[in-house]
Every structure is written in structure tokens, then in C-alpha cells.
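As C-alpha cells, the structure follows; a few thoughts come after it.
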Amino acid sequence: MTDLTISNKNGAELVKKVKRQMKDVMDPELPFLSIEDMGILRDVFFENDHVVCVITPTYSGCPATEVISEDVLTAARVIDPEAEIRIALSPAWTTDWIGEEARNKMEVNGIAPPQGSSHDRAFLTGDGKIIPCPLCKSKNTKLVSPFGSTACKASFKCNECLEPFEHFKCI
């Protein structure tokens with residue numbers, strides 16, 4: 001067996017272990033979702049004798065990117081002390097990368113998940129969008145503000161249960 005074969009075998013095992021570690025790296029703005037759930041973790045591979053983790057921020061300038069980067073690097077370096085992180089801006093992150101399980105977790109945690117696809121630009125104003133209340137499921141809701149606690153969320157109010165809630169906009 002050559003050194004390269006040994007290196008590739010060890011590399012594949014390191015990648016597998018680091019991918020498992022990434023399941024515990026949570027989105028700091030949605031701490032019930034992992035970066036994998038959110039589609040932020042784009043790839044984990046072995047290159048030049050160390051693991052490389054690739055992440056894509058939810059939008060350029062997202063303040064959570066630095067925290068996520070540090071958390072990814074810390075988690076990866078538990079397995080591979082030489083691990084590296086790379087930021088990939090292209091293709092741009094989209095809510096289309098959020099899986100169904102993550103959308104369900106949002107709803108359980110009182111956040112209306114993205115409705116539709118990223119090609120729907122109505123998220124900019126929220127006009128004409130019917131966003132069901134994640135708490136009582138009523139469609140009798142009202143946009144309070146197109147911008148919520150973060151730029152990727154809008155604030156709504158349910159006219160049935162009277163509770164405020166946030167909607168994660170399609171991006």
C-alpha cells in the first residue's frame with residue numbers, strides 16, 4: 001500500500017468524522033437548526049493532508065458568518081487540528097437549500113418557514129403574501145414589518161390567536 005493510499009484512506013475517515021461533528025454546529029440566529037439543516041455547510045473534503053470545510057453565508061455581510069466560521073473551525077479541529085475553512089459566495093445561498101425537516105423545526109419553534117421558492121421576490125415587501133401562523137395555523141395574518149429581528153425575517157401578527165411571529169423570507 002502506498003503512502004497516498006494510506007493518506008486517502010485516513011482522509012476519508014477524517015472527512016466522515018468531521019461531517020458528523022458539523023451536525024452539532026448550530027446557526028447562532030436559529031439555535032435549534034444546524035448549519036447543515038440550513039444548507040450553510042456546502043462541503044467537507046480532504047485536500048493537502050487536511051480537512052477543508054466549505055460554508056456559504058446566508059447573505060453577504062451576514063453578521064453570523066464570523067461566528068459560524070469560528071464554530072465550524074473549532075468543531076473540525078477537534079478531529080483534524082489542521083482543518084481549514086473556506087467561504088464560498090458562489091453560488092449564493094438560497095432558502096431553497098433549507099430542507100423539509102428544518103422547515104418543520106422552524107414551525108415548531110414559532111417561526112413561519114419560507115413559503116415558495118427563492119425565485120419569488122415578493123419577500124422584499126411581503127405584499128400579497130399569505131403566511132400561515134406557525135402557532136395556530138391560521139392564514140388570517142398580517143405583515144407588521146418586512147424586516148424582523150434579522151434581515152432575513154419579517155414580522156407578522158396572527159389575527160386569530162393574536163400572537164406575533166416571524167417569517168423566514170424566501171431569499
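Structure above, values below:
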{"quantity": "Single match in 71, 37 (criterion: acidic (Asp, Glu), touching a strand residue (DSSP E or B) at 6+ places or on another chain (Cβ under 9 Å) and not in a helix (DSSP H, G or I))", "calculated": "37"}
{"quantity": "Candidates 65, 58, filtered to the one that is assigned to a helix (DSSP H, G or I), surrounded by 13 or more Cβ atoms within 10 Å (Cβ to Cβ) and at pLDDT below 95", "calculated": "65"}
{"quantity": "Only one of 162, 143, 135 that is over 17 Å from residue 58 (Cβ atoms), outside any loop (DSSP other than H, G, I, E, B) and at pLDDT 90 or above", "calculated": "143"}
{"quantity": "Selection from the range 57-70 of residues that are free of Cβ contacts under 8 Å to residues at least 60 places away in the same chain, among the polar types (S, T, N, Q) and out of contact with any Leu (no Cβ under 7 Å at 6 or more places or on another chain)", "calculated": "65, 69"}
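The values are calculated or read from the model by the stated rules, or taken from the named source; none is laboratory data. On a predicted model such as this, the values are computed, not experimentally measured, just so you know. Positions of Cβ are backbone-derived with ideal geometry, glycine not excepted, and every protein chain shown enters the neighbour counts.
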